[in-house]
Amino acid sequence: MSSDVIIETRNLTKVYRDFWGRPKVQALKALDLKVHRGEIFGLLGPNGSGKTTTIKLLLGLLFPTEGDAFIFGEPTFNVAKNERIGYLPEESYLYKFLNAEETLHFYGRLFKISKAERTKRVGRLIEMVGISHAKHRQLREYSKGMQRRIGLAQALINNPELILLDEPTSGLDPIGTAEIKELIKDLRDQGKTIVLSGHLLADMQDICDRIAILHRGELRELGKVSDLLTVQDVTQIKTTDLSESVLSEVRHVLDRNGVKYEVDHPTTTLEELFLRIVRESDQHPGRRRVAADIASKPSVADDELASARSK
């Protein structure tokens, strides 16, 4: 393996068997892929497509039926590699009677991190995932979104080189999702390699450098997100403040050459709209958004209120 390749699988196959040893479900079939250092790699697919099975095979929690998997150039059954890996499972298995600080100190001791270093990392990670206000509360009082945040902090306690995240934004609201995505990008900028597993298409599109699409245990597509999403036979031109006269000239040229076209205005996503409204609300508390025609014309009540204030 090249030193640039962090993960490599060759013909990786997993078949789950019943009590009698008969094949029951083929969860993964002949998976071949490579994950390079410093990239965000997405495992994308519907439930039951083999994403979680792949991650468990990489961690050595499962043994393959056929094929091989390597991390840092070592076979995945070599448990010593796990000291360099951070893992957030699909469901966070946490001790509910501990608070956030106690949880991170517990996992830090498992990695034999000194008390002084643990204290620094615990404080930094709690602030990083945004639960400073609840760090002394027991985890049984946490919402699912807050449990995902402390689960992510736990996955980072050993300062791992490779981070495996299974549905990292599950249970988070749009604001929390945006914060976690920014955090994942920051981790990549620090030189870490991140593998994401999920089925939320927008989340994967926003942050992944490359994706592998799995369906029924088979690799269906692999490549850079930008390459896979580009529609080659459609040309898009963007401009601002286009006057009607210029638009008329453009239409004339296209019509003269027999080009079929559509003219409309770009739209944002509901997530972007929601986040923008929330941010503006934080910056201007008390201000309400109203329709443009109403906002541009003061009402009678507004005139009366302004008159009262002037008195």
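Structure above, values below:
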quantity	calculated
Cα Rg, Dmax, the range 5-229, angstrom units	17.6, 52
Cut-off under 5 Å, modelled amide H: who pairs with Leu62 long-range	Leu57
FRET efficiency, 1/(1 + (r/R0)^6) with R0 30 Å, evaluated for Ala202 and Arg37 via beta carbons	0.70
Per-selection Kirkwood Rh - the range 1-134 (Cα, Å, 1 d.p.)	17.3
Full-extension gain in nm, Lys112 to Asp18, via 0.36 nm per residue minus C-alpha separation	29.9 nm
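No value in this document is a laboratory result; all are computed from the given coordinates. Since we're looking at a predicted model, the values are computed, not measured. With ideal geometry, Cβ positions are generated from the backbone for all residues, glycine too; neighbour counts draw on all protein chains shown.
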